[in-house]
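Q: Let me begin by handing over the structure; questions about it come next.
Bear in mind that the values in this text are calculations on the coordinates, not laboratory data. The shown structure was predicted, so the numbers you read here are calculated from the model rather than taken from an experiment. All Cβ positions, even for glycine, are placed from backbone atoms using ideal geometry, and neighbour counts span all protein chains on display.
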Amino acid sequence: MKKHIFTILILIITLAVIAGCGSKQIPVIGISQFGEHPSLDNCREGFLQGLAEAGLKEDKDFSTDYQNAGFDPAIASQIAQNFSSANVTLMCAIATPSATACFAAAEDKDIPVVFTAITDPVRAKLDSGNITGTSDKLAVDEQLELIRKLQPDAKTIGILYTTSEPNSVSAIEEYNEKAANYGFTIEAIGVVQQSEVTLAVDTLISKKVDCLSNLTDNNVVGVLASVLEKTNEAKIPVYGSEVEQMKIGCVAGAGIDYIKLGKQTGAIAAKILKGEAKASEIPYEVISEYSIYINSAALAKMGISVPLEVSQKAIEATNS
Amino acid sequence: MGVFLDLVVSTVTQGLIYALLSYGVFITYKILDFPDLTVDGSFPLGAAVTAVLLTKGFNPYLTLAVALLVGALTGLITGLIHVKLGVRDLLAGIITMTALFSINLQIAGSNLIIERTVNTIFSAEPAMALFGNLSLIYRKLIVSLFLTILFKIILDLYFKTKSGLLLRAVGDNNTLVTSLAKDKGKVKIIGLVISNALVALSGCIVCHEQRAFSSTMGTGQVVFGLATVIIGTTLFKKLNFVKGTTAVMIGSILYKVSIQIAISLGLPANLLKFITAALFLAILVLGKLQKGGVKKNA
């Protein structure tokens, strides 16, 4: 009997050895992405483009090990440990939970971590140590200005957010601070889990908000399609925070191009790989370029006409 | 080989830390026959309390005791709801678990991260004085191993006491306990208290290990616990000398190893859970085969 148990154990260990071994000649970048959604996928794509632009070729100058945690923090932590054990040269962490997990796992070996798609690295305590990256700080001013131009009579903006996401909490603070400058009041509703988002939308609609504005809240963005179903029926326009949201049906938004953000991140990683600088010496970068995206079809449905000054600068968000 | 050894060490460490949770589920599910869902709430509670205390500069080892205490309290609440208010076992756990989700967020504020400058149980004295020359992953292994074995011994000793024997009797034979003129409700509450204290302790150590608390870290922990208990007890069913606690500890390690293999094989992310499920099934089937083999020999 005992033999059988050991057979199983040996089988498992052998499998792990086969999996764990491999040629480790060139630097390995462990990419840990918290889950699959378009913005995060764009970050990863941009990251690889950024490395390529810096003259590093995949499979020649570096290889990648891409892992995805499927939005499970426990898996994110195992992925990070896997990278640490495999002695990867650098970890690229996409979204906050993956970054925290990587940073914790890299502690012992001091493997550099480059993060992206984190709104507030200071609040997430990822601003010191052998870590750097890019922050996707929301363009709150630009967004408020845009809403004012498109809806000159609007008074209240509804926002949905997850109370446990540090990124969202700091974004709400910023909205509350700045809304008055543009003559708005903010009606924010916090949820604790994704299943509550659609309920919260109903509440916002019943409070007769003039429009909704999105953060980059993972729970909210994840069910954006069903949010839009409800708001379209109630004729309430929803403003997005990223180009992918406009593609789904948000009317407009001042947003980040995550591909660009990823590229910026890739450039930082390239510097570290080439030995030009250490992660601890590079301060994290906040993306400074925002674009105005519009979805003309969605705007027309809401009966919003776009003033010339907006349409001149705006980029049409279409699925191409 | 060094790479592989590191991977084994960190995976086994994970298994050991989560084994404390498995002990808890073992007590409620296997011994008391009580499907306790409080676990999904008491596990992150241990982490939430730990995260707050650590950021406030508390002695890291003190957080272990505090976690045990708050965990025990949640077990007490579920127990009282079930026994005194007559709410069904499953529902009693659901009520406490749901309330704990809010309580955890109230305690921690939001998801919390513990800075590297803050010492954890793996980097404070006396762990440093004793094993300071070892690298962090080995310190993590030693400390986790120590705690997991310590609580295993305490539990094994407890099961031999009068109270421990009564606990086992409630799950096996309800009427016997009543005929002994003992209050089975009280025994159930004791079981829930011990179970959730261990679960919260596991959450506490996970928080030390990952330097983070997240409100969703409890989701699915009951399922994890049940899986490890079933894997462990199935594998060692016929080996009487292997104690239940040892069996579930190994179950927990095997579970984490399964996931690590799935990750290491570089399988597509979306298939990860499926592969994990397949590995469980393989372990369980092997366990069954092993039993069959025994019968043939006997």
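Q: Quick check: the angle from helix A:197-206's long axis to the longest principal axis of chain A, C-alpha only, nearest 10 degrees?
A: 10
Q: A further question on this structure: Quickly rank B:94-101, A:196-203 as a protection proxy: mean count of other C-beta atoms within 10 Å, highest first. Please report the intermediate quantities before stating the final value.
A: Working: B:94-101: 20.4, A:196-203: 16.8.
Ranking the peptides B:94-101, A:196-203 by packing returns B:94-101, A:196-203.
Q: Also, quick follow-up: How would you classify the stretch A:31-129 from its alpha-carbon gyration tensor, with a ≥ b ≥ c the square roots of the eigenvalues: rounded for a/c under 1.5, else prolate if a/b is greater than b/c, otherwise oblate?
A: Working: a/c = 1.41, a/b = 1.20, b/c = 1.17.
Cα axes put the stretch A:31-129 in the rounded bin.
Q: While we're on this one: If the reach is capped at under 14 angstrom between alpha carbons, list the aspartates and glutamates near A:Lys260, excluding any in the same chain fewer than eight residues apart.
A: A:Asp41, A:Glu45, A:Glu53, A:Asp136, A:Glu242, A:Glu244, A:Glu285, A:Glu289
Q: Run through the stretch B:1-109 and list the trypsin sites (Lys or Arg not before Pro) located in a DSSP loop whose Cβ has at most 14 other Cβ atoms within 10 Å.
A: On the way: sites: B:Lys30, B:Lys56, B:Lys84, B:Arg88; in loops: B:Lys56, B:Lys84, B:Arg88.
Qualifying residues, ordered by number: B:Lys56, B:Lys84, B:Arg88.
Q: Further, regarding this structure: Calculated FRET efficiency, B:Ala181 and B:Phe241, Cβ-Cβ r, R0 30 Å, to nearest 0.05? Each step should come with its number before you reach the end.
A: Details: r = 34 Å, r/R0 = 1.12.
Result of the calculation: an efficiency of 0.35.
Q: Could you identify which residue out of A:Met302, A:Met91, A:Met246 has the top mean-square fluctuation in a GNM of chain A using Cα springs shorter than 10 Å?
A: Maximum among the listed residues: A:Met302.
Q: Turning to a different aspect of this structure: Starting from the Cα of B:Val87, step 7 Å along the direction of its Cβ; do the same at A:Ser288; then give the gap between the two resulting points in nm.
A: About 5.5 nm separates the two model spin labels.
Q: Extending each Cα 7 Å along its Cβ direction at A:Asp202 and B:Ile149, get the distance between those two points in nm, one decimal.
A: Each label point is offset 7 Å from its Cα along the Cβ direction, giving 5.6 nm.
Q: Out of the trypsin sites (Lys or Arg not before Pro) in the stretch B:138-242, which ones are loop residues according to DSSP with at most 16 other C-beta atoms within 10 Å? Numbers along the way, then the final one.
A: Numbers: sites: B:Arg139, B:Lys140, B:Lys152, B:Lys160, B:Lys162, B:Arg168, B:Lys182, B:Lys184, B:Lys186, B:Lys188, B:Arg211, B:Lys237, B:Lys238; in loops: B:Lys182, B:Arg211, B:Lys237, B:Lys238.
Answer by residue number: B:Lys182, B:Lys237, B:Lys238.
Q: Using a Gaussian network for chain B with springs between C-alpha atoms less than 10 Å apart, which of these wobbles most: B:Leu192, B:Leu267, B:Leu80?
A: Comparing B:Leu192, B:Leu267, B:Leu80 in the GNM, the peak value goes to B:Leu267.
Q: Further question: Residue farthest toward the positive end of the dipole of chain A, with Cβ of Lys/Arg at +1 and Asp/Glu at -1: which of A:Ser39, A:Ile292, A:Ala101?
A: Of the candidates, A:Ala101 comes out farthest on the positive side.
Q: Other chains' Cβ within 10 Å of A:78-88 residues: what's the mean? Let's see the in-between values first.
A: On the way: counts 10, 5, 2, 13, 8, 2, 5, 13, 5, 4, 0.
The mean count of partner-chain Cβ atoms within 10 Å per residue comes to 6.
Q: State to the nearest 20 debye the size of the charge dipole of chain A about its Cα centre, where the only charges are +1 on K and R beta carbons and -1 on D and E beta carbons.
A: Details: 26 positive and 39 negative charges, 114 e Å.
Around 540 debye, computed over chain A.
Q: So what's the net charge close to A:Lys207: Lys and Arg +1, Asp and Glu -1, counting the other residues with Cβ under 12 Å from its Cβ? Show your work: numbers first, answer last.
A: Working: positive: A:Lys155, A:Lys208; negative: A:Glu187, A:Asp202, A:Asp210.
Value of the local net charge: -1.
Q: Given Cα positions, please report Rg to Rh for the protein assembly as shown, the hydrodynamic radius being the Kirkwood one.
A: Details: Rg = 26.1 Å, Rh = 25.9 Å.
Taking Rh as the inverse mean 1/r over Cα pairs, Rg/Rh reads 1.01.
Q: Measure up A:Lys60/A:Lys313; B:Lys160/B:Lys288; B:Lys256/B:Lys288; A:Lys178/A:Lys208; A:Lys149/A:Lys230; A:Lys155/A:Lys301 against 32 Å on the Cα-Cα distance and list the ones that go over.
A: On the way: A:Lys60/A:Lys313 40 Å; B:Lys160/B:Lys288 29 Å; B:Lys256/B:Lys288 21 Å; A:Lys178/A:Lys208 21 Å; A:Lys149/A:Lys230 24 Å; A:Lys155/A:Lys301 20 Å.
As for pairs spanning more than 32 Å Cα to Cα, those are A:Lys60/A:Lys313.
Q: Let me ask you something else. Based on Cα positions only, what radius of gyration and what Dmax would you give for the stretch B:2-297, in angstroms?
A: According to the Cα coordinates of the stretch B:2-297, Rg and Dmax are 19.3, 61 Å.
Q: Continuing with this model, one more query. When chain B is modelled as a GNM with alpha-carbon springs shorter than 10 Å, which of B:Gln260, B:Gln14, B:Gln210 fluctuates the most?
A: The residue with the greatest mean-square fluctuation here is B:Gln210.
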